[in-house]
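The values are calculated or read from the model by the stated rules, or taken from the named source; none is laboratory data. These figures come from a predicted structure and were not determined experimentally. Neighbour counts are summed over all protein chains in view; Cβ atoms, including those assigned to glycine, are modelled from backbone coordinates with ideal geometry. Accessible surface areas use protein heavy atoms only, side chains included; no ligands, DNA or RNA. Shrake-Rupley method; radii C 1.70, N 1.55, O 1.52, S 1.80 Å.
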Amino acid sequence: MFASLLGRMEWHYFWHGWVQFGGQLAMVGGVLTLLAGMTYFKKWGWLWREWLTTQDAKRIGVMYIIVATVMLLRGFGDAIMLKLQQALASGHSDGFLQPDHFQQIFTAHGTIMIFFVAMGLMFGLINLVLPLMLGSRDVAFPLLNSTSFYLYVAGVVLANISLLYGEFGAVGWLAYPPLSELAYSPGPGVDYWLWSIQIAGVGSLLSGINFIVTILRLRAKGMTLMKMPVFAWSVLGSMILVVFAFPILTGTLFMLSLDRTLGMHYFTADLGGNAMMYINLIWAWGHPEVYILILPAFGMFSEIVATMSRKRLFGYKTMVYALMAITVLSYLVWAHHFFTMGAGGNVNAFFGIMTMVIAIPTGVKVFNWLFTMYKGRIEFFTPMWWFMAFATTFVIGGATGVILAVPAIDFQVHNSLFLVAHFHNTIIGGVVFGYFAGFAYWFPKIFGFRLHERLGKAAVSCWVGGFLLTFIPIYILGMMGATRRLDHYDPSLGWQSLFIVSGVGTLLIGLGVVFQIAQLAYSVWKRHELRDTSGDPWDGRTLEWSVPSPAPQYNFARLPVVVARDAWWEAKRGGKAIFSGAYSDFTLPKNSGVGVFIGAFVAMFGFAMIWHIWWLAVLALVGVATTLIRRTYEEETEYVVTADEAKRLDMKSQKAAA
Amino acid sequence: MKQVIKSTQSVEASPAIFGFWLYLMTDCLVFASLFASFVVLRGQTAGGVGSKEIFSLPFVFLETMVLLVSSLTSGMALLAAQRQKRQHTLMWLTATALLGMLFLGLELYEFSSLVQEGHSWTQSAFLSSYFGLVGTHGIHIAIGLIWLFATMLFIYKRGLTHRLMQRLTMFILFWHFLDIVWVCIFTIVYLIGVI
């Protein structure tokens, strides 16, 4: 009786081996230290009131970035283990990882890096600046925003619990069936994978809706779509992709979970299931997903390059058309992930050509940035260093992408390390460098002081050098025939030296990460020297720089009125003032714990589904429904800031900054 | 933005309703994935029954009528609410709830008789995709009913406040949306399946 109450939970799921034990110890130790510290310094009330229940997009953004950074460290730890194994495991040496554990690590690495690092950083940065840039006080639905964040956290929590109790999927980051079906992966690992990304994915979907409504409905007066900053356009493109692509992920994972929990046959190898259907569906989400990640990075670079070159962005309109073209085209290329499926020459030709066509708008963007820099008075602050790192590495990644788009070549290098090098080239060189650039660029606006420049540049240098050292050998290995996800190879192949070089490169990236942490710590320590008193440290162009740093909770005491692109730049150069007229009353959302509760209940639901504890799943759903119903019919969810109060706050924050 | 909802703009034009429309489109895509899978797998009966053997059009027609009429009554409820007639609104919503429950009952009856005849979702990919698609619609109806009960309770207690009008509008959009999805299910699953 008692056993059935706990589903399929058993004691042996705690112990996996000494390597994992180290990870478990680090995780439990970290969490306990954090909890003890919070209790010792009596910070729980502060944490709850100021952060956890906040509806302020900027604070939600900061929380996203903190969680994503922790996950980045974990995902990077996974990467180091993979690299070390591959550097060691040749011939008689088996390395230090068991094959099953190795498989779990590469699955966790990919899943964490895409869903919990890249998506987390993206939503974090968008939350930080999008409302400010649009001249709005908040996103359209603040509570939904907070709920999305906690769904993301629920996904993160589930993925990490798998390290402590149970196992993670050993199926690759997209869990292709029939391997991911019950017949071949009966344990809880695939279920951990499935439910953690299902829950985080729903959070992303809701964020997508939220940001689209924010962009289309909450822009400053006078800011027509074609006067919007390019970053806002890039977010619009990305969020359109989110609302079109993430439902497919939700549906596909739902079908896989039906197969695994109810014994259905959507994707099984027997009774008529069709595994290739899963692969089509998951890439119909998966390809747009990479553009979901890269478009905001393009937007960030567009802002940074224009600001730091002291010039208007070259070709604003072509930038917008290019973004929208990529948004549409990214839907028509998914089959290039499996040219070897056997769809036939015509199908492959179509998808190959569409893939190459995407290089055109992307190329337009790169040239626009370069022309923006041309004859500009360029100031090489850290964000600009990230841009240059991006411009070189991303173009290499794009070029290898065009190579892979040729079906005949793809057949040769399919599933080889050449592919692995290609997508790391675009995702690290594009997405990661972009987000780091955006982080350094907007950091002063949120925290009121700049990041230390020299440490930041040291970090960029290590990242670029380390990146090239890691992945150029991987390209070469791919051409030599090394397949992806290898945990052991024969010494006669002559691969080991290249794997060792690649491992050294990873350590160099690690040094870059150390520099970034040092930069953050040092900047916090020296925050008074680095303080941004002007609110406009880079001599910026867009509305976020028109308010004091750190930006006040309500963003704008008086809402701006815009007449031109680069509204703040024009206003500074003697154009029409963006703030004028009298102050007026406005409302702000009250703090709410609803997001926290929904996140907690949904995490509980996910855990119950993974371990087949049905009563707990029902209980969790009842919890979600009750929370939602109670909140939906609350009438007083906002408070009013009066015009006098707005004026007083505005004077105070301007005085504090000056 | 919030002042705008309260005063000048109508409920239908508020950002919340626009956002809800976007949500409905995403849900539509979840269904699209399930429909696509059903169409791919409909022939994969693994030697078992196909759609011709198990679907009864008159029964499904009855289900369809029940759901269509419930859509009509929900629309009447919204019209009554817009004229601030609380009693009428509640009456029409009660009719919607009863029809919704009847629909759900009919669907559960259909499912249970299929399972009893040995045609459960574990038998073939065709049956999996059938139960998966139609069942997902059923789950939506069930969630809609819970939402409807909550809406009715609050309208009963508080009257048709601005906030409740907005929630009611959303619910009715949701209910019409489920109706449209059902029309697609009726056509693609049942009608094409039997012909």
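Overview of values
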{"item": "Single unsatisfied condition, residue A:95 versus (1) within 21 Å of the chain's Cα centre (by Cα); (2) at positive phi", "result": "(1)"}
{"item": "Residue that is nearest to the other protein chains (Cβ to nearest Cβ), among those in the stretch A:613-647 that are touching a Pro at 6+ places or on another chain (Cβ under 9 Å) and open to solvent by 20 Å² or more (accessible area, probe 1.4 Å)", "result": "A:638"}
{"item": "Only listed residue being among the small types (Gly, Ala, Ser), surrounded by fewer than 23 Cβ atoms within 10 Å (Cβ to Cβ), over 15 Å from the mean Cα position of the chain (by Cα) and within 11 Å of another protein chain (Cβ to nearest Cβ), chosen from A:263, A:273", "result": "A:263"}
{"item": "Filter result for the condition that a residue is farther than 15 Å from residue A:84 by Cα and either modelled with pLDDT under 95 or over 28 Å from the mean Cα position of the chain (by Cα) (or both), over A:476, A:472", "result": "A:476"}
{"item": "Residues located in the stretch A:483-502, provided they are under 29 Å from the mean Cα position of the chain (by Cα) and open to solvent by less than 50 Å² (accessible area, probe 1.4 Å)", "result": "A:484, A:486, A:487, A:499, A:502"}
{"item": "Evaluation of residue A:310 against (1) of a type outside the set (Gly, Ala, Ser); (2) at positive phi; (3) under 19 Å from the mean Cα position of the chain (by Cα) (one fails), failing number", "result": "(3)"}
{"item": "Residues of the stretch A:240-256 satisfying the condition of being open to solvent by less than 10 Å² (accessible area, probe 1.4 Å) and either more than 12 Å from every other protein chain (Cβ to nearest Cβ) or touching a residue at least 40 places away in the same chain (Cβ under 8 Å) (or both)", "result": "A:241, A:242, A:245, A:246, A:247, A:249, A:253, A:256"}
{"item": "Of all residues making up the stretch A:581-604, the number that are open to solvent by 40 Å² or more (accessible area, probe 1.4 Å) and assigned to a helix (DSSP H, G or I)", "result": "4"}
{"item": "Scan of the stretch A:202-232 for residues that are surrounded by fewer than 19 Cβ atoms within 10 Å (Cβ to Cβ) and either free of Cβ contacts under 8 Å to residues at least 40 places away in the same chain or in a strand (DSSP E or B) (or both), ordered by number", "result": "A:216, A:221, A:224, A:225"}
{"item": "Residues of the stretch A:336-349 classified as crowded, with 16+ Cβ neighbours inside 10 Å, out of contact with any Gly (no Cβ under 9 Å at 6 or more places or on another chain), part of a helix (DSSP H, G or I) and of a type in the set (A, V, I, L, M, F, W, C), total", "result": "1"}
{"item": "Where a residue in the stretch A:110-122 is surrounded by fewer than 24 Cβ atoms within 10 Å (Cβ to Cβ) and its partner, wherever it lies, is not in a helix (DSSP H, G or I), with Cβ under 6 Å and at least six apart", "result": "A:110/A:173"}
{"item": "Test: residue in the stretch A:169-190 that is within 14 Å of chain B (Cβ to nearest Cβ), within 30 Å of residue A:26 (Cα to Cα), not in a loop (DSSP other than H, G, I, E, B) and not basic (Lys, Arg)", "result": "no"}
{"item": "Residue satisfying all of: in the stretch A:350-389; under 25 Å from the mean Cα position of the chain (by Cα) and of a type in the set (Gly, Ala, Ser); most open to solvent (accessible area, probe 1.4 Å) among these", "result": "A:359"}
